[in-house]
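Q: Mind having a look at this structure? Questions to follow.
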Amino acid sequence: MEAVQLWAGVAFSARGGNTEALLNEAAAAGLQLAALTPQPGGFDGRCAAWRYRKLAALARRQRVRLRICRRRGWFFRLRPLLRRRGLWVGLALFLPLVLGSRSLVWTVAYTGLTPGQQARASAILRENSGLEPGARVTQQALADGEYALLQSGEFSWASVNFFGGRLEVEAAAVQPAPVLFSGKLQTICARTGGTVTEVEIKSGTALVEPGQQVEAGQPLIGTARTERDGTPIFSPAAGRVTARFVWSTACEQPLAVQVPLLGEARSTRLRLSCGGLHLALPRWGGAREEDSLAITRHVPLEPFGLPLPVAVEETTYYGRRAGEVVYSEEQALAMARLSALRALEAEWPGAAVAALQESIETRSGRLYYQVTYTLLGDIAGG
C-alpha cells in the first residue's frame, strides 16, 4: 500500500454522516485505507489516488463529507510536466537527433602531428573525403581519408578512426630518405679553385692532399688504384675535398616597390555544414566583385568550449589596390644580404663563411650590393 501511494496517493478527511458505515462499505468493496485516525465528527486517512473516486461515491451514500487534504507521490510532481505538450514534442525531436548525431563528427583529434601538419591533414580530409565537423561518417569515407593522406606524399602512414562523434587521425610525416653511398664511375674534379684543407675519401684514390693549391676542373678523386703486384683496380670515386676558396655574388634592391595590397572587406558569406547538408546564411556587405580576393576559413562551432557537429565556412571578399612600399637603406641592405645568403646556400650548401667583403652603393632609388665570401666548403664536383 505504501509503495502504491508513493506513486500517487491522497490524504483525506471524512466528517459528518455515518462514518462507521462508510468504513464497513469501503472494506467490503476492497478499498484499502491507510493511516486511519479518529477525529471529532469523523476520521482522517490515506488511500491510492485512483481509489478516491469510488470512496467518494460511497461517502455520498452515507452523507459523509470527504475532502482531500494533501496529494502526494511522483505522479502529482510530474503531472505539470505531462501537460506541457511543447516539452514532449521537443523531446520527441531531440532524442532522434541525439541518436542520429552519433554518426556525425563532433570533434577531430590529431596524434603525432604538429599544428601545421594538422592544418594540412584537415584540408586533405575535407577536400577528398568530406570529413570535417558536422560530416556524416561512413566506412568508405574513412578509407578514402586514409588513402588521401597517404597519396598526398606528406605522410608516411595514416590511420583514421571514428568513435561516437570523435574523429581520431593518427599520422606520421614523411621523413627525408637517408643518403645512400653512391660513387661516380668517372674522376671527381674541382668545381672551383682553392687551397685544400681536408681530404676525406670513401672510395677511389685521392689525387690531392691538404695544403695543395688546385684549379677549377682539376682531378681530386680518381677511380683507379694499383695493388702491390701492379694489378689495376677500378672503384667508384666518392668523398669530400674541403678547400678554402673565394666566391662572389651581387644583387640590387629597389628602395620603393609597387605591390598589390588588400583593401577593406567588401562582403562576407557564411555557410553551415552538418551531416552532409549545407545551409548558406544571408550575405552581408556589398556584392561580390570580379576583382575581389576571396579568403575562406573553416571554423568548428564550439560555443562555450562545447564542440558541436557543425562546421562554419566563412568566405570574406576583399578589394584590391596598388600600393607603394618604401624601404629605408638599412632595410634594403638587410634584404640584399638575405638574398646573397640564399644564393650562397643554393650554390655552396653547408659551406662555412670564414670572411667577407661588402660593396654597397645607392643610386637612382636602388641599392646595389656586392659581396665576396671567403669560404670553407666541399669543392668536389662532377
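Q: Take region 127-164 and flag every residue that is more than 15 Å from residue 111 (Cβ to Cβ) and of a type in the set (S, T, N, Q).
A: Going residue by residue through region 127-164, those that are more than 15 Å from residue 111 (Cβ to Cβ) are 127-144, 147-148, 150-154, 164.
Matches in region 127-164: 128, 129, 138, 139, 140, 151, 152.
Q: Take the residues of region 227-258 that are surrounded by 11 or more Cβ atoms within 10 Å (Cβ to Cβ), part of a strand (DSSP E or B) and without any contact (Cβ under 8 Å) to a residue 60 or more places away in the chain: which is farthest from the chain's Cα centre (by Cα)?
A: This residue is 234.
Q: If I ask for residues that are over 16 Å from residue 319 (Cα atoms) and at pLDDT 75 or above, which ones from region 256-278 would you list?
A: Within region 256-278, the subset over 16 Å from residue 319 (Cα atoms) is 256-258, 270-278.
256, 257, 258, 270, 271, 272, listed by residue number.
Q: Take the residues in region 192-249 that are of a type in the set (Asp, Glu) and modelled with pLDDT under 90, then tell me which one is nearest to residue 376 (Cα to Cα). If you could, list the steps in order and put the result at the bottom.
A: Going through region 192-249, the residues of a type in the set (Asp, Glu) turn out to be 198, 200, 209, 215, 227, 229.
Keeping just the survivors that are modelled with pLDDT under 90 gives 227, 229.
On the way: 227: 34, 229: 39 Å.
Going through the qualifying residues, I end up with 227.
Q: Further, regarding this structure: Name, by its number, the condition in (1) small (Gly, Ala, Ser); (2) in a loop (DSSP other than H, G, I, E, B); (3) touching a strand residue (DSSP E or B) at 6+ places or on another chain (Cβ under 7 Å) that does not hold for residue 153.
A: Answer for residue 153: the failing condition is (3).
Q: Find all pairs meeting these conditions: Cβ atoms under 9 angstrom apart; at least six residues apart or on different chains; first residue within region 123-147 and in the same structural domain as residue 300 (by TED's automatic domain parsing); second residue part of a helix (DSSP H, G or I).
A: So the pair list comes out empty.
Q: Out of all the residues in region 98-132, which are exposed (fewer than 11 other Cβ atoms within 10 Å of the Cβ) and at pLDDT below 75?
A: Once the filter is applied, which keeps residues that are exposed (fewer than 11 other Cβ atoms within 10 Å of the Cβ) and at pLDDT below 75, region 98-132 yields 98, 99.
Q: When you scan region 7-31, how many residues do you find that are loosely packed, with under 14 Cβ neighbours inside 10 Å and part of a loop (DSSP other than H, G, I, E, B)?
A: So the answer is 3.
The values are calculated or read from the model by the stated rules, or taken from the named source; none is laboratory data. Model, not experiment: these values are computed from the prediction. Every residue, glycine as well, gets a Cβ built from its backbone with ideal geometry; the counts of neighbours run over all protein chains shown.
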